[in-house]
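The next block holds one structure in the form of structure tokens; read it before the comments.
Please treat every number below as a calculation from the coordinates, not as lab data. Every value quoted in this text rests on a predicted model; they were computed, and no experiment measured them. Ideal geometry is used to build each Cβ from the backbone, glycine not excepted, and the neighbour counts take in all protein chains shown.
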2 protein chains.
Amino acid sequence: MSAAPDAHGESEVLGRLRAALGDRVDTTAQSRAAARADKSGHAASGMPLAVVHARSVDDVQQTLRIATATGTPVVTRGAATGLAGGANAGSGEIALSVRAMDRIVEVRPDDLLAVVEPGILNADLNSALAQHGLWWAPDPASRAISTVGGNIATGAGGLLCAKYGVVRDAVLGVDIVLADGRMLRLGHRTVKGVTGLDLTSLVIGSEGTLGVIVGATLKLRRLVPGDVCTIAATFRDVRTAAEASAAVTASGAQPAIMELMDAASLTAVHALLGLDAPTPGAAQLTIQTDGPAAAAEAEAIAAVLRTAGGSVVVSQDREEGERLLAIRRSMHPAMETLGTTLIEDISVPRSALPAMFDEIARVEREHGVVIPTVAHAGDGNLHPNFVFDAQPDAAGIVEAPPHIWAAADDLFRAALRLGGTLTGEHGVGVLKRRWLVDELGEDQWELQRQITRVFDPQGILNPGKVFARG
Amino acid sequence: MSAAPDAHGESEVLGRLRAALGDRVDTTAQSRAAARADKSGHAASGMPLAVVHARSVDDVQQTLRIATATGTPVVTRGAATGLAGGANAGSGEIALSVRAMDRIVEVRPDDLLAVVEPGILNADLNSALAQHGLWWAPDPASRAISTVGGNIATGAGGLLCAKYGVVRDAVLGVDIVLADGRMLRLGHRTVKGVTGLDLTSLVIGSEGTLGVIVGATLKLRRLVPGDVCTIAATFRDVRTAAEASAAVTASGAQPAIMELMDAASLTAVHALLGLDAPTPGAAQLTIQTDGPAAAAEAEAIAAVLRTAGGSVVVSQDREEGERLLAIRRSMHPAMETLGTTLIEDISVPRSALPAMFDEIARVEREHGVVIPTVAHAGDGNLHPNFVFDAQPDAAGIVEAPPHIWAAADDLFRAALRLGGTLTGEHGVGVLKRRWLVDELGEDQWELQRQITRVFDPQGILNPGKVFARG
């Protein structure tokens, strides 16, 4: 998986790192063990030889020059909240953390842009921007604990994407350090700009394979004025709820948020929150509208939902809205009460949502597994949660067993058949590298791998991730 | 400029093309001469050996297989409305026209996407989409005569970009044929998708250097409901108008269109349209708001403009609005009455618009040239028109003389100093390749060139364009 061992021993690499970076080089067993894992449950084999806590671009450049000189793999990490194993560092690798590079360098309300370091948390950035009446739209569910650099490296999504776009729509430029330590400034400070190839977009979602993101110029929005209206609608089953969400999209309405929860998810969350058990089999849509026409849009959407068979509640009260949305936000803790989960991330064209839920039901039946599923129904992105019982290994890491992967494989192929994709917002990392070629085809897979080699001729940046046949 | 002559003579290449493609191979002098030029005024040296009028993906693949086998350069063309010489085909090259591949393959109102062939005109596509209540947002000024494939290949912009985005925001996937004739399907049919590298974005704006675009999956919007309000505001000089436009952006208003015309532009257009001459030195902003809050937004913007010293007219009448906007749309014909023009395309952060107009005035003074300028002020994209007298050559082509290029060079460097870019929406082509390295830096220029070699190892796709030191 990782690059082949070379003539330079680990002690020489460590010696060089310490000489250049002093106490930013962390070789404690605790830090090295923590760097093996992200939030996917998966962990790398063995422990990285060190964690470098970079505090500046120069720290990153020095680390990469040493890595290139010694042929040592480098795994870049932010807050390690990824769900695909993309930032897991293992045996013989340097874990390079940019979490401490967390400054906001510049906020320009007049140009609707901000320049930031990669380690700032998404939520911290948005708190600072709110003082200027601004926000950065990408809102992964992890936004309180994930970094902007990590959001860019994975091409993160979130709840608001159908209306407010994905990360690719919200980044004007990135500064990256290449494998050999050179820094490149990619992109523009302008709204428009077509000089040469769009390498900024190429870096977004490249999962640490092209370079280390050390800065970003972000495209901001003004805070949306007006009210927020929240709609909760219950349906007799998940297929009916999925058809209702497709009907909302087809009606021309544009909710800010449209989340779907199936019966198993709803039951688990109600139990966790101490609410009355939901009607057996029932599924729920939670929808928010915003902006000057929020109330009118909410009424129009409610009418569509009622026609589609929903039992509908509309609230114009922000606190009541947050209470309704809290049910959706409690999904992850609720899943933890059921066992260990593998959180998947397929995406399909919105009209295919009902068919995709049929496929999930089929996979549950045929593989004898339970797959509580929530979906960002406004953009067709589903998170099936494969629940299983497993014992942690010595390092406390739990891996999904083969029968779970067999069910996931079946599900991935179904998503591709429906015109969908393996991963809407989590990335490929380690966990989905086996299936990447199925989606891209051999020719495109090989071409993409060759592009990574232009940035990183030795293949020392995050080897074994994304472009590796696991 | 073009690839070196090789062992395969032109007659052999033509023979192979004719055997494979029959009457789609056009060697008439008229067609070959027309393929030398686009709308920039610039033309390639010599004539291409043939124009291939592709009618299918297979035609494109056959052409490229022959080109690869014989080492013959290929220049892809749509409607040839480019302004940077990017589609000009010269001596020893095959001009590959995809203009006849103009079908709409699929429109999915429920998924807000359309699949099209590259040769369809932007305006024809939008007429067809309007029947479904949909539109494709990119709106280059050339939209009545330019193709969707060309819009994608150049990363075209337009008037509505600040509110509705650029091409990059409106394309989900592209199908390309590589230099060796293999076809790749890049991107997704889904709103979200992060499997592997974002090659779709890489192809957008790549100006024919990576492959031939033979299909595109477009992200659509619903037609905006509600009224359109139009505001015309006159200011004593262009700097005051530019400051007013920056004040509108800074106020948080989001116009659909915000166009700025300087005094020389306004005078020329008024003369062309037979209107009373404008006040000497006066400049104008033409602004449109749309959507449910159009009228309220227009009033708020009008207040900002009055505070900034403008003489303001607001109209809620669509026809009156079109009359006001017609002044801006008459810019190109008005310039043609003044002489020959080199239309430039710099872009700066919006707050730098006033400073950029100061630089334009400086360049006019120091170089003794006249540069009527219009700007998409909502996104900081300026089109300075360098006016000169020149005689056409034997082929009817007029090239800008050296003193005009010296003035343009001064202007480009000023834009870069202000944090801007060489080209906001026209592309690099032939005309700006000299300056590309100034913006990208040597390291990034070389890395980008290497990426083109991954797609096109022999360098037969649009050689001499973009990545050539002219």
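General remarks:
- Spin-label model distance (nm) - residue B:323 vs residue A:295, 7 Å beyond Cα toward Cβ: 3.8 nm
- For region A:302-386, a/c is not less than 1.5, where a ≥ b ≥ c are the root eigenvalues of the C-alpha gyration tensor, and a/b does not top b/c. That puts it in the oblate class.
- The per residue volume of the convex hull around the alpha-carbon atoms of the protein assembly as shown is 162 Å³.
- For region B:228-417, the Cβ-based charge dipole about the Cα centre amounts to some 420 debye (Lys, Arg positive; Asp, Glu negative; other atoms uncharged).
- Shortest first, residue B:56 label-point distances to identical copies amount to 6.3 nm, with the label point at 7 Å from Cα along Cα→Cβ.
- Between helix B:402-417 and chain B there is an angle of about 70 degrees, using the helix long axis and the longest principal axis of the Cα atoms.
- Share of Cα-Cα pairs in region B:218-338 lying beyond 21 Å, as whole percent: 39 percent
- Listed residue (A:370, A:22, A:88) projecting farthest to the positive dipole end of the protein assembly as shown, Cβ model: A:22
- Greater than 20 Å apart at Cα, pairs in A:163/B:219; B:219/B:465; A:219/A:465: B:219/B:465; A:219/A:465
- Put a dot 7 Å past the Cα of residue B:221, heading toward its Cβ, do the same for residue A:391, and the two dots end up 5.8 nm apart.
- Anisotropy class of region A:138-189 from Cα gyration tensor, a/c 1.5 cut: oblate
- Computed over region B:10-100, the Cα gyration tensor eigenvalues convert (square root of 5λ each) into semi-axes of 20, 14, 11 Å, ordered from largest to smallest.
- Charge-dipole axis of chain A as Lys and Arg at +1 and Asp and Glu at -1 on Cβ define it, positive-most pick from A:183, A:203, A:383: A:183
- Relative contact order for chain A, counting Cα pairs under 8 Å that sit 6 or more residues apart, in percent: 16 percent
- Residue-averaged beta-carbon neighbours from other chains (10 angstrom radius) around A:181-191: 6
- A label point on residue B:222, set 7 Å along the Cα-to-Cβ line, lies at 2.4 nm from each of its counterparts in the other copies, closest listed first.
- In this structure, the amide hydrogen of residue A:186, modeled 1.01 Å from its nitrogen in the peptide plane, lies closer than 5 angstrom to those of A:174, A:175, A:176, counting only residues at least 5 positions away or on a different chain.
- All-pairs alpha carbon distance profile, region A:226-278, 10 Å steps from 0, percent: 20, 46, 27, 6
- More than 22 Å apart - percent of Cα-Cα pairs taken over region A:150-229: 29 percent
- Amide hydrogen proximity for residue B:252: with H placed 1.01 Å from N in the peptide plane, no residue at 5 or more positions away or on another chain lies under 5 Å.
- Square roots of 5 times each gyration tensor eigenvalue, C-alpha, chain A, largest first, Å: 38, 26, 20
- Put simply, region A:318-470 fits an ellipsoid with semi-axes of 28, 20, 17 Å; these come from the alpha carbon gyration tensor as the roots of five times its eigenvalues, largest first.
- Derived scalar couplings between HN and Hα for region A:143-160 equal 4, 6, 10, 10, 8, 4, x, x, 4, 6, 4, 9, x, 4, x, x, 7, 9 Hz in order, rounded to whole Hz, by the Karplus curve 6.51 cos²θ - 1.76 cosθ + 1.60 (θ = phi - 60°), x for Gly and Pro.
- Helix axis angle, B:238-250 relative to chain B longest principal axis, alpha carbon, degrees: 80 degrees
- Nearest beta-carbon to the A/B symmetry axis - residue in chain A, distance in Å: A:201, 2
- Placing dummy labels 7 Å off each Cα toward the beta-carbon, the span from residue B:365 to residue B:29 is 5.1 nm.
- Altogether, the Stokes-Einstein calculation at 4 °C and 1.567 mPa s, with the Kirkwood radius of region B:281-341 over Cα pairs as Rh, returns a diffusion coefficient of 97 µm²/s.
- Taking B:311, B:11 and counting other C-beta atoms within 10 Å, the order from fewest to most: B:11, B:311
- Computed Kirkwood radius, in angstrom, where 1/r is averaged over Cα pairs of region A:228-417: 17.0 Å
- Full-extension gain in nm, residue B:303 to residue B:399, via 0.36 nm per residue minus C-alpha separation: 30.1 nm
- Using a 7 Å Cα-to-Cβ projection, residue A:333 label spacings across copies, nm, ascending: 6.7
- Per-residue HN-Hα couplings for region B:359-374 [Karplus 6.51, -1.76, 1.60; θ = phi - 60°; Hz; x = Gly/Pro]: 5, 4, 4, 4, 4, 4, 5, 6, 9, x, 10, 10, 10, x, 9, 10
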